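Working notes, structure below.
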Number of protein chains: 2
Amino acid sequence: LIAAELSRALIGAYRTALPPEVSREAKRSLFNVLGVAIGGARHEGVDIIIEAGRRFGAEAIAAIPGRTELGDPQTAALATGFAAHVDDFDDTHLVTVIHPASTAVAALFGVAPLAPVSGAEALRAFALGCEAQLRVGVAISPEHYDRGWHITGTCGVIGAAAAAGLILGLNEDALARAIALSANAALGHREAFGTMTKPFHPGKGGANGLLCALLARAGVDAPSDALEAANGFTHVFSSRVDLAEITGDFGARWELLSNTYKPYPCGIVAHPAIDAALALAPQVGAIAQIASVEVRCHPLVPELMGNPNPVDGLQARFSAIHGVSAALCDRTVGLAQYETARVRSSDAVAVRAKTRLVPDQTTRRDEARIRLELADGRVLETHVEHARGSLARPLTDEELHAKVAALVEPQLGDVTEAIADAVHTLDAAPSLQSLLTCVTGRTATRV
Amino acid sequence: LIAAELSRALIGAYRTALPPEVSREAKRSLFNVLGVAIGGARHEGVDIIIEAGRRFGAEAIAAIPGRTELGDPQTAALATGFAAHVDDFDDTHLVTVIHPASTAVAALFGVAPLAPVSGAEALRAFALGCEAQLRVGVAISPEHYDRGWHITGTCGVIGAAAAAGLILGLNEDALARAIALSANAALGHREAFGTMTKPFHPGKGGANGLLCALLARAGVDAPSDALEAANGFTHVFSSRVDLAEITGDFGARWELLSNTYKPYPCGIVAHPAIDAALALAPQVGAIAQIASVEVRCHPLVPELMGNPNPVDGLQARFSAIHGVSAALCDRTVGLAQYETARVRSSDAVAVRAKTRLVPDQTTRRDEARIRLELADGRVLETHVEHARGSLARPLTDEELHAKVAALVEPQLGDVTEAIADAVHTLDAAPSLQSLLTCVTGRTATRV
């Protein structure tokens, strides 16, 4: 009975200090996702979610990153997960393409007012919420994603149930039922990419997981073989399943250690090319001097992000040509480069028209080359062996800090240091309170 | 764009009086499901759901059939859909095996306090909530169910979004987005059968559909091709899809007219055999006189409900042998025959031990024969050509009334006439208020 085994493994790990490298990666994941969620916190979709929660008449008791308003727990989870994913800027577990922190942080913020826990417990529940969904995701990958499922929503709900269930103090039986019930509340199709329905998936997955944990604690039962049965989660969702991945070496081997953080708010396959363009940009001089840009890249880049002329910010997130052009024009690639006005501006349009992608089977996924010809005949070339944010070249703590600062400061002002401190000392904090306070902008000073 | 077409068809139908036969069937469906929901309203799962809603701090404004407490809209939807399905006693659209009224009534009760509508509008929204999910279900059947999905949860969420969206007054664009968003909140695996997770599906489907309608009205966007795209609802959920079923002849042809109402609270394939046993029961005399019972039936009966010796009420719901034995012992088959104590009682155990199922390829699904030998050598035989509650022999209005009365009266006392009146005059009522009042037991007198 896999749900029971997973429950036992989770509770065992929850009662033990995280290994130092896991604690470090959990904090990096949490810091990153909080920055991204704050960056997305003013998106109209978040406004809508908070307002819809109010229409339900729910009492607002739960914090939401980047917002001064509180929400009821399910609304806070939905808003937090939505904001964390709306800019496609969060994190990626490359083997599964899961963005694990969005649902885990959604559950964490939703459940926070329902059960008092120490900072160390909150960090462990967050880490284990990520780990549970990644383990299940590995067991059904890549066939699950290939069949059209948005794996962040489907596996994420299990991570949310795990994180919320641990914080609510569920025993092994109840946590197993929470996991099984949440497996019946999984959601999200890939067709939603490019719409607000995509970030709805981790938001709703977070809210659903939280609800399942509460219902299971109170006694709702669920099929004990929900994960492995022929009509259960793994086999319904995938044509190839390796159940041993779910609990094998749990606590010793951590998928969370393979989490990566996006340096650019767009599809990850374009990141090596953007790196290359950023490396060349200072040598270009006047943009009008560019005669042609040839990007030699892995064949997935044109396949997944081949759009040569996106018309808005959402489309641009799935255009490698826009990413390269924006890097050349602006010498930086952040949220501003994906605003619709910037996407439509004449210099970006002009450089895009001169840029083409050349798929190359010998190029790795985290590798790219650019050859750039200028009007005066000069040729600039560069080769990125491993993209920033790849497993071979993870974002440094300093790069991560700079990314979060750029997201947080336009929203909340000078609180990045306070958030960084609250995350990095979370395992010594008596509660989540300091962190909740500084990410909601209720204080602009160091806590 | 199928979601837009379906939205247009739904809004067109919502603005038109229902054809008389559709209005009649909608009322029968509503009356039936309210009876079943009231019958299930004291299940511990409903207690848990209402209490969990309170823990979320939500303001209670929405009625729940069979309960005096109110719930917040999502909790009321979850509780209503759960109660409507927890006894496996609701309704069945035989072609798809969808139980359509459970999610539709869940959405109706959840949305009721959020938008004032006339009784006629409420009835139409309920009918169209059923129709929308049945249309989508036909388009992906039978492969969808065969792949392990509980179609009542997956298609039901679309029906719930439709019913709630119509009542909330969504325009065509918003209703199309609500449908597309809800297609991304579909849920439920068949492995859940036999646990509280099964009725969780229509409950959560109802709550999710309601949330999607509210979010779409406020502007959340969704993929316009969510239903027909390769990575969208129909193709992700089924290996064979007939999109023309979704909107073809909408308003002229009604799948709702093929809804049927269960006379017995157990799997429908056992119903012909139970009919036969009830027909013979008065001739049997003392139960101890039974020497053997041979049930000649469609092969699906032993395949789906072959359990010869269930140990509790939930298992008994999937045991045709228990249904036949209970009919012979008690001369009636209702909720009482599926209480665990009754399932374990010595006379039921003894008759089950003498009863066997004989699968027969020439027997139709709604047909059965029983041959019963008594200790004195007498042989009793009967043949049921069409089971009660089948399409060929639908429950009469009187039978439906008797079913609902047996469910309602232990819960709310003598209010069945009042509920029947409120349902049958709903299309002339200024609002849903009379119906909401009498199904919650706040009045025991005719309204």
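The values are calculated or read from the model by the stated rules, or taken from the named source; none is laboratory data. Here the structure is a predicted model, which is why all the values come from computation and not from measurement. Cβ coordinates were reconstructed from backbone atoms using ideal geometry, including for glycine residues, and neighbour counts include every protein chain displayed. Only protein heavy atoms, including side chains, enter the accessible area calculation; ligands, DNA and RNA are left aside. Shrake-Rupley method; radii C 1.70, N 1.55, O 1.52, S 1.80 Å.
Quick look at the numbers
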read-out: Nearest-first distances (nm) between copies at residue B:239, label 7 Å from Cα via Cβ; value: 0.8
read-out: Residue closest to axis [chain A; rotation mapping onto B; Cβ; Å]; value: A:58, 2
read-out: Residue of A:46, A:311, A:404 that the Gaussian network model of chain A assigns the largest fluctuation, springs spanning Cα pairs under 10 Å; value: A:311
read-out: Gaussian network model of chain B, springs between alpha carbon atoms under 10 Å - residue of B:174, B:112, B:52 with greatest fluctuation; value: B:52
read-out: Using θ = phi - 60° and Karplus 6.51 cos²θ - 1.76 cosθ + 1.60, couplings along the stretch A:61-72 (whole Hz; Gly, Pro as x); value: 10, 10, 6, 10, x, x, 10, 7, 5, 9, x, 5
read-out: Label point 7 Å beyond Cα along the C-beta direction, distances from residue A:304 to other copies (nm, shortest first); value: 4.2
read-out: Of all DSSP beta bridges in chain B, antiparallel share, percent nearest 5; value: 75 percent
read-out: Contact surface B-A: accessible area buried, both sides summed, square angstrom, 1.4 angstrom probe; value: 4800 Å²
read-out: Cross-link pairs beyond the 28 Å C-alpha cut-off, checked among B:198/B:354; A:27/A:198; A:262/B:198; A:198/A:262; A:198/B:262; value: B:198/B:354; A:262/B:198; A:198/B:262
read-out: Leading residue at positive end of dipole, the stretch A:179-280 (Cβ point charges), from A:234, A:200, A:181; value: A:200
read-out: Amide H partners (placed H, <5 Å) of residue A:307, local residues excluded; value: A:320
read-out: Candidates A:388, A:342, A:55: whichever shows maximal mean-square fluctuation once chain A is modelled as a Gaussian network with Cα springs under 10 Å; value: A:55
read-out: Under the Karplus curve 6.51 cos²θ - 1.76 cosθ + 1.60, θ = phi - 60°, whole-Hz ³J(HN,Hα) for the stretch B:87-95, x wherever Gly or Pro sits; value: 9, 6, 10, 8, 9, 8, 8, 5, 5
read-out: Per residue solvent-accessible surface (Å²) - chain B, probe of 1.4 Å; value: 32 Å²
read-out: Cα-centred dipole magnitude for the protein assembly as shown, charges only on beta-carbon of K, R (+1) and D, E (-1), debye, nearest 20; value: 40 debye
read-out: Note, ³J(HN,Hα) from phi for the stretch B:18-30, Karplus 6.51, -1.76, 1.60, rounded to Hz, x at Gly and Pro; value: 5, x, x, 6, 6, 4, 4, 5, 4, 5, 4, 4, 5
read-out: Lys, Arg +1 and Asp, Glu -1 on Cβ, resulting dipole of the stretch A:1-75 about Cα centre, debye, nearest 20; value: 260 debye
read-out: Pseudo-label separations to other copies for residue A:392 - Cα-to-Cβ vector, 7 Å, nm; value: 7.0
read-out: Dipole-positive endmost among B:288, B:299, B:372 within the stretch B:239-373 (Cβ charges, Cα centre); value: B:288
read-out: Solvent-accessible area, 1.4 Å probe, carbon plus sulfur percent, for the protein assembly as shown; value: 51 percent
read-out: Full-extension gain in nm, residue A:380 to residue A:249, via 0.36 nm per residue minus C-alpha separation; value: 42.3 nm
read-out: Value of relative contact order over chain A, rounded to a whole percent, pairs C-alpha under 8 Å and six or more apart; value: 19 percent
read-out: Residues losing 50 Å² or more accessible surface upon assembly, the stretch A:194-210, compared with the chain by itself, 1.4 Å; value: A:196, A:197, A:200, A:204
read-out: Residues of the stretch A:45-74 buried by at least 40 Å² on assembly (accessible area, 1.4 Å probe, chain alone as reference); value: A:48, A:55, A:56, A:57, A:74
read-out: Mean separation of Cα contacts under 8 Å (6+ apart) over length of the stretch B:133-203, as relative contact order %; value: 39 percent
read-out: Total charge dipole magnitude, the stretch B:61-171, about the Cα centre, Cβ charges on Lys, Arg, Asp, Glu only, Debye to nearest 20; value: 240 debye
read-out: DSSP beta bridge pairing in the stretch B:269-393, given as percent antiparallel to the nearest 5; value: 75 percent
read-out: DSSP beta bridge pairing in the protein assembly as shown, given as percent antiparallel to the nearest 5; value: 75 percent
